[in-house]
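Report on the following structure.
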Amino acid sequence: MLVFQMANSSKTDEEIIQLKLLKFGYPSSGYIICNETVYYKDGSKTELSKPPKMYEIGGVEAYYLAQNYIEKEYGNSLESKGLMIRVEPKSIEESDKYWKFKFYFGDLGSTGRFMGYITVNREKGYVDMEGLF
C-alpha cells in the first residue's frame, strides 16, 4: 500500500487531471463522437449543432487558468503574510459549461483548509470563486 501511495503522489498535476478526464470518458488520444458531441483528449468538446458550439477550454488549461487567477488576484498579498490558496487538481469536476475545482486556504507549506470552489467557463475561460473567500 505504501508503494502505491508513493507512486501516486509523484504524478504531476497534469497527469492527475488527464487520469480524471479518462474516468469522465474522454479519449486517451484523438477524439470520440457521442450523442452529437465531439470529445477531445484534453477535455474540450464541440456540440454538433447548427452552428456548432465549441467549448475550447480543456481540463488542464482550466486548472492553469484557475491558478493564474489566484496568483493575479491574491498572490503577492497572501505570500507576504505567509498564506496561500491552493487549487486541488484531483478535485476536478465537469458540467456542461464549467470546470470546477476545490480550493484550499492556509499557511504557506500547509495543505490548507477547504474554502470553496473555483469554476472556469469552458467556452471563454472566465474564472470565478464560490465559497468562504
Next on the checklist: Output the 0 to 90 degree angle, nearest 10, between the alpha-carbon long axis of helix 59-79 and the longest principal axis computed from the alpha carbons of the chain.
Outcome noted: 20 degrees
Checklist entry - In what sequence, highest mean first, do 20-30, 39-49 appear when ranked by Cβ atoms within 10 angstrom? => result 39-49, 20-30
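In deg cm²/dmol, rounded to 500, what helix-only [θ] at 222 nm does the chain give when every DSSP H run of at least 4 residues adds -39500 (n - 2.57) and the total is split over its residues?
Numbers: 3 runs with 41 residues, N = 133.
Helices in the chain give a 222 nm mean residue ellipticity of -10000 deg cm²/dmol.
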Checklist outcome for this item: Given pairs Lys20/Lys90; Lys45/Lys124; Lys53/Lys102; Lys20/Lys45; Lys11/Lys90; Lys20/Lys100 and cut-off 19 Å on Cα-Cα distance, the over-length ones are Lys53/Lys102
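Quick note: the coordinates plus some simple rules give every number you see, no bench work behind them. The structure displayed is predicted, hence computed values, not measured ones. Glycine also receives a Cβ, built like all others from the backbone with ideal geometry; neighbour counts cover every protein chain displayed.
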